[in-house]
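*Asks:* Below is the structure I would like to discuss, written out as structure tokens.
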Amino acid sequence: MSALIIDGKAVAREVREGVARSVAELRRPPGLATVLVGEDPASAIYVANKRKLCTAAGIRDLHRQVPADIAQGELEALVEELNGDEDVDGILVQLPLPDHLEARAVVDRIDPAKDVDGLTTFNAGLLAQGRQGLQPCTPAGVMLLLEQAGIDLAGKHAVVIGRSDLVGRPMAQLLTQANATVTVCHSRTKDLVAETSRADVLIAAAGVPRLIGADHVQPGATVIDVGIHRTDTGMCGDVDFDEVREVAGALTPVPGGVGPMTIALLLRNTVQAASRREEMSP
Ligand code: NAP
């Protein structure tokens, strides 16, 4: 039996339409400041997509482009300037940064109330404690996809492959909050197949093309592929789509699965940040 293909594009479109409706209800349109350091082509494409969809949803595009050789202090000063700018509701510093810059120090300069990527230590701490804050876009998008696909996580065994600050770690925390029993796998996991083949819900975020084949997957499991890889034969994920679709109960494609959700959740976080700031201001 072939798996149900979870349509991330359609769910992301719904989220963006909801964002546009929320924007219209605010006193003024929210502003998102994307910060792009240098001209890395992949980062430039990601930022251009974010800006295009943000404008389409009625969010003001307050983009800042800075040269690749910007000094650490100058970049941190720019973040401080955006923190103090009343027009800016959300700040996103596109990662990775050039090698001479320390990303953690830059990200932690962002006012947690404007941290629409959910990556500051402050917001990561709130998430770790199960408290309300701005959540990282990719794992939050995965949670929404699971909800929209009608997957009830309570009591399920979820396996997350990856433990990065961006995806794996917050993913495991969100699944735990949704009452799943969570196993986290990483590069030192001894027997990956033994772990993943017990999963009711498998989240692949290892960054290794087609790492997950049919033998990694329990028949009927839900498989979410976070990986994105550009290969000579086109795009693929961490999951071997053709093999796994014959075993899984539901599966996200690449492209068209998690990727569109990440941007949609960025827009939603921007509106959330703007409405919080509006509530706080007289
Ligand atoms: P990352 O920082 O490189 O982390 C990868 C994680 O996977 C690490 O925890 C690593 O373990 C683990 N890992 C690596 N090889 C493994 C293996 N063979 N078996 C088991 N675990 C393994 O990557 P990331 O930023 O989390 O991103 C992961 C993937 O998602 C990438 O392909 C990235 O492009 C993609 N991504 C997609 C979106 C989207 O919007 N769809 C957003 C963000 C990222 P260690 O901790 O032991 O090193």
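*Asks:* So, Thr222, is that one closer than 30 Å to Glu86 by Cβ, away from the ligand (no atom under 16 Å from the Cβ) and touching a strand residue (DSSP E or B) at 6+ places or on another chain (Cβ under 8 Å) or not?
*Replies:* no
*Asks:* What pairs come up if the first residue lies in the range 228-242 and is at negative phi, the second is small (Gly, Ala, Ser) and within 14 Å of the ligand (Cβ to nearest atom), and their beta carbons are under 6 Å apart, counting only those six or more places apart or on different chains?
*Replies:* Every condition considered, the pairs that remain are Gly237/Gly227; Asp238/Ala204; Asp238/Ala206; Asp238/Gly227; Val239/Ala204; Asp240/Gly213.
Residue-wise test of (1) of a type in the set (Gly, Ala, Ser); (2) closer than 24 Å to Val93 by Cβ.
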| position | (1), (2) |
| --- | --- |
| Leu127 | no, yes |
| Ala140 | yes, yes |
| Leu145 | no, no |
| Asp152 | no, no |
| Val160 | no, no |
| Asp165 | no, yes |
| Gln173 | no, yes |
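Yes/no per residue for (1) among the hydrophobic types (A, V, I, L, M, F, W, C); (2) assigned by TED's automatic domain parsing to the domain that holds Arg64; (3) more than 24 Å from Pro41 (Cβ to Cβ):
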site: Val88; (1), (2), (3): yes, yes, yes
site: Ile91; (1), (2), (3): yes, yes, no
site: Leu95; (1), (2), (3): yes, yes, no
site: Ala103; (1), (2), (3): yes, yes, no
site: Gly118; (1), (2), (3): no, no, yes
site: Asn123; (1), (2), (3): no, no, yes
site: Leu127; (1), (2), (3): yes, no, yes
site: Arg131; (1), (2), (3): no, no, yes
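*Asks:* Let me ask something else about it. Would you confirm whether any residue within the range 114-122 is more than 16 Å from the ligand (Cβ to nearest atom), closer than 23 Å to Gly207 by Cβ and touching a residue at least 40 places away in the same chain (Cβ under 8 Å)?
*Replies:* no
*Asks:* Residues in the range 158-206 that are more than 11 Å from the ligand (Cβ to nearest atom), in contact (Cβ under 8 Å) with a residue 40 or more places away in the chain and crowded, with 18+ Cβ neighbours inside 10 Å: how many?
*Replies:* Here the count works out to 7.
*Asks:* I'd like to check something: does the range 229-239 contain any residue that is over 23 Å from the mean Cα position of the chain (by Cα), under 25 Å from Asp7 (Cβ atoms), modelled with pLDDT under 95 and surrounded by fewer than 16 Cβ atoms within 10 Å (Cβ to Cβ)? Explain how you work it out, then say what you get.
*Replies:* Looking only at the range 229-239, we keep the residues that are over 23 Å from the mean Cα position of the chain (by Cα), and these are 232-233.
Next, from what is left, pick out any that are under 25 Å from Asp7 (Cβ atoms): 233.
Of the ones still in play, those that are also modelled with pLDDT under 95 are 233.
Now restrict to residues that are surrounded by fewer than 16 Cβ atoms within 10 Å (Cβ to Cβ): 233.
Yes; the residues of the range 229-239 include at least one that is over 23 Å from the mean Cα position of the chain (by Cα), under 25 Å from Asp7 (Cβ atoms), modelled with pLDDT under 95 and surrounded by fewer than 16 Cβ atoms within 10 Å (Cβ to Cβ).
*Asks:* Please specify each residue of the range 15-56 satisfying the condition of being acidic (Asp, Glu) and more than 24 Å from Leu144 (Cα to Cα).
*Replies:* Answer for the range 15-56, where residues must be acidic (Asp, Glu) and more than 24 Å from Leu144 (Cα to Cα): Glu39, Asp40.
*Asks:* Among the numbered criteria (1) assigned to a helix (DSSP H, G or I); (2) within 20 Å of the chain's Cα centre (by Cα), which single criterion is violated by Val182?
*Replies:* (1)
*Asks:* While we're here: Go through (1) closer than 21 Å to Glu147 by Cα; (2) more than 10 Å from the ligand (Cβ to nearest atom); (3) of a type in the set (A, V, I, L, M, F, W, C) and name the single condition Val254 misses.
*Replies:* Of everything listed in (1) closer than 21 Å to Glu147 by Cα; (2) more than 10 Å from the ligand (Cβ to nearest atom); (3) of a type in the set (A, V, I, L, M, F, W, C), Val254 misses just condition (2).
The values are calculated or read from the model by the stated rules, or taken from the named source; none is laboratory data. Bear in mind the structure is a predicted one, so any value in this text is a computation, not a measurement. A quick note on method: Cβ atoms are made from the backbone with ideal geometry, for glycine too, and the neighbour counts reach across all protein chains shown.
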